[in-house]
Amino acid sequence: MNLKRISALSCLLVLATNPVIAQSMLEHRTLLSTTSESSLAQRLPVPWFISFLSPYERGQNIRSADGSILLNISDSVSSIYDPTTSYDVGRFFKPQGSRLSFIVNWGPITGTVWSVGIDTGYRSQKLKLNPSIFFGTTSSWQTGKNQTISFGLGAWLGGKVNETPCLDDYDREYSCSTLTAWADKNPVNQSSYKYLDLRFKQLF
């Protein structure tokens, strides 16, 4: 067994024995591409490993399963109508329970990695993010001497966002996070995260 094959096998064994990798979705996609290419080059299957996509609540940002910001929350918010009026709104968005988000990856076929993940969602008094699941795959093919093409796709499914308004003393609805009229508030982004990757690699 040559040195390159031993090095690749050692790398894959590390992934198998240390299956926790914290990263963003973009880093996850890059990792799948390089792992697929390494599996193809060394003709070795990919042991399972887990990508933990965290953290999600960085400071006061509430994020979707893919890491994009849903809401920017400050403990104290001032009204755009009257800057002298401010309220403590952090309690409305304090998480009720823990959250877990991860993707399990494995490659029983040389050059191909399959991915299945779950995000348990987020729940607070005024914002609820439903659980979501992830499916994806990445494959690599050698198209010539020192040439490789990788193709990957994936998507988070579910994760519907439900935000409820606060009520003033006259039962008028307003946004808890901005202190603006509910009718004037921009809706929370509901688009699902999908990606399609095509990479070409040429070694010189």
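A few points about this structure:
- Screening 114, 48 for residues that are open to solvent by 30 Å² or more (accessible area, probe 1.4 Å) and out of contact with any Ser or Thr (no Cβ under 6 Å at 6 or more places or on another chain) leaves exactly one candidate, 48.
Here's the yes/no breakdown for (1) modelled with pLDDT of 85 or more; (2) assigned to a strand (DSSP E or B); (3) surrounded by fewer than 15 Cβ atoms within 10 Å (Cβ to Cβ):
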residue	(1), (2), (3)
82	no, no, yes
91	no, no, yes
99	yes, no, no
118	yes, yes, no
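- Scanning segment 120-164 for residues being β-branched (Val, Ile, Thr) and open to solvent by 60 Å² or more (accessible area, probe 1.4 Å) gives a total of 4.
A quick yes/no check of all residues on (1) modelled with pLDDT of 75 or more; (2) among the small types (Gly, Ala, Ser); (3) assigned to a helix (DSSP H, G or I):
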site	(1), (2), (3)
4	no, no, yes
7	no, yes, yes
31	yes, no, yes
34	yes, no, yes
47	yes, no, no
57	no, no, no
62	yes, no, no
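- Hits in segment 184-200 (condition: touching a strand residue (DSSP E or B) at 6+ places or on another chain (Cβ under 8 Å) and either at pLDDT 85 or above or open to solvent by 40 Å² or more (accessible area, probe 1.4 Å) (or both)): 189, 190, 192, 193, 194, 195, 196, 197, 198, 199, 200
- Which numbered condition residue 133 misses (of (1) without any contact (Cβ under 8 Å) to a residue 40 or more places away in the chain; (2) β-branched (Val, Ile, Thr); (3) not in a strand (DSSP E or B)): (3)
- The set of residues in segment 116-128 that are touching a Leu at 6+ places or on another chain (Cβ under 7 Å) and at negative phi comprises 120, 122, 127.
- Residue list for segment 64-80, filter: in a strand (DSSP E or B) and within 20 Å of the chain's Cα centre (by Cα): 69, 70, 71, 72
The values are calculated or read from the model by the stated rules, or taken from the named source; none is laboratory data. Keep in mind the model is a prediction, meaning the values are calculated, not measured. Quick reminder, even Gly has a Cβ in these numbers, built from the backbone with ideal geometry, and neighbours come from all protein chains shown. Just so you know, the surface numbers come from the protein's heavy atoms only, side chains and all, with ligands and any DNA or RNA stripped out. Shrake-Rupley method; radii C 1.70, N 1.55, O 1.52, S 1.80 Å.
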